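Single-structure report; data block below.
Read-outs: derived from the displayed coordinates by stated rules, not from any lab. This structure is a prediction, so every number in the text was calculated from the model and none was measured. Here the Cβ is made from the backbone with ideal geometry for all residues, glycine too, and neighbour counts use every protein chain on show.
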Amino acid sequence: MTLPLPADPRAANRRGILAMAAGMACFVTNDTLVKYVSQSLPAPQLIFVRGVFATLLLFAIAAAMGALPLLPRLADRKVVLRAAFDAFATVTYLVSLFHLPIANATAINMATPLFITLFAVIAWRERVGAGRWIAIATGFAGVLLVVQPAGSVFNAYALLCLAGTLLHASRDLMTRAIAGGIPSILITLSTAFAVTLLAGLWSLFTAWQPASLRQVGLLAAASVFLSGGYFLLTVAMRAGEMSVIAPFRYTGLLCALVLGFAVWGDVPNGLAWGGIALLVGAGLYVLHGERARTPREALDSISD
């Protein structure tokens, strides 16, 4: 059993787009907070501590929502596989990030919408027209102009980062395959727990550093945004058409630019402004295409 077709595909797409954009904002805010802590604490330690906070928070929310009686359903094979994809994607991406300029890693990771759309066509038989492919490719071109990666450092770690991107896309594909009766909050909880468990195992092979109350507080705050990002991403991928919703992952880069200016005073250069224009234009094109389609056309694109 998988998720049923939505009664109003356009409304489902709108919910998915809003959830994706909000989720990306949460992830970027989480990354900003973690950036402060990462200079003095080992990555496995901070991921583990943040994960403990996130797991406890999500468990409390699941309890408040009355979802705990369904906790045994987390043993569902698809839920376990999704959590594994997410955990290994996180670690793979971080390991590659340690050996790559952040611009290169970001550019590779932002290829996720392209892979998600390809998977949606192959696995879910979504109809993706030439215009939507062009919009996704245009958005990715905008990403490259913003981050401006250096071609000289594409090496084995770049391939590892690409593997992490494929794992992220596989996670999102698996999200869509999970039965609709399993609440999104429990899927989110399983993800947080899996990432925390893997980070805990990883931390056994690194030396722990003393953490100040300020660092712990920042990680606790980051866990709130991380939990929100996990949940909203799950909601987005369980909504309408994956090929419509996936491109709005690019909004995370726009959020990063805003926070980069607000916190560190980073100002985009001319190429980056051109990339921002492409990103915004691609998003507006997808939104306009959604408004122009009839509900019947939207349903036909995901019901074959």
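Let me have the 222 nm mean residue ellipticity of the chain computed from DSSP H runs of 4+ only, each contributing -39500 (n - 2.57), with the sum over all residues rounded to the nearest 500.
One gets -24500 deg cm²/dmol as the mean residue ellipticity at 222 nm.
For the chain, what does the equivalent ellipsoid look like in terms of its semi-axes, each the square root of 5 times an eigenvalue of the Cα gyration tensor, given largest first in whole Å?
Working: eigenvalues 171, 132, 56 Å².
Equivalent ellipsoid semi-axes, largest first: 29, 26, 17 Å.
Where in the chain are the DSSP H helices whose C-alpha atoms run 24 Å or more along the long axis and whose mean Kyte hydropathy is at least 0.0?
Passing helices, by number: 9-38, 43-64, 77-97, 130-147, 156-177, 184-203, 213-237, 270-292.
First select every other residue whose beta carbon is under 13 angstrom from the beta carbon of Arg50; then total the charges, Lys and Arg +1, Asp and Glu -1. Could you put the intermediate results ahead of the total?
Values: positive: Lys35; negative: Asp31.
Around Arg50, the surrounding residues sum to 0.
Sorted by packing (mean other beta-carbon atoms within 10 Å per residue), highest first, where do 266-275, 214-223, 155-164 land? Can you show the working numbers first?
Values: 266-275: 14.1, 214-223: 18.6, 155-164: 17.1.
By packing density, highest mean first, the sequence is 214-223, 155-164, 266-275.
Taking R0 as 30 Å, what FRET efficiency do you get between Phe98 and Val258 from their Cβ-Cβ distance, rounded to the nearest 0.05? Write out the running numbers ahead of the final one.
Values: r = 26 Å, r/R0 = 0.86.
That pair, Phe98 with Val258, gives E of 0.70.
Out of Asp76, Asp172, Asp31, any idea which swings most in a Gaussian network model of the chain, alpha carbons joined below 10 Å?
Asp76
Once the piece of chain linking Asn269 and Leu201 is laid out straight, how much longer is it, given 0.36 nm per residue of separation minus the C-alpha distance between them? Please report the intermediate quantities before stating the final value.
Working: separation 68, 0.36 × 68 = 24.48 nm, distance 4.12 nm.
The Asn269-Leu201 span can extend by a further 20.4 nm.
Ranked from highest to lowest mean number of other Cβ atoms within 10 Å per residue, what is the order of the peptides 173-180, 206-213? Present the calculation step by step, with values, prior to reporting the outcome.
On the way: 173-180: 19.0, 206-213: 10.5.
Top to bottom by mean Cβ count within 10 Å: 173-180, 206-213.
Given Cα pairs under 8 Å that are at least 6 residues apart, what percent is the relative contact order of the chain? Walk me through the numbers on the way to the answer.
Values: 433 pairs, mean separation 132.6, N = 304.
Answer for the chain is 44 percent.
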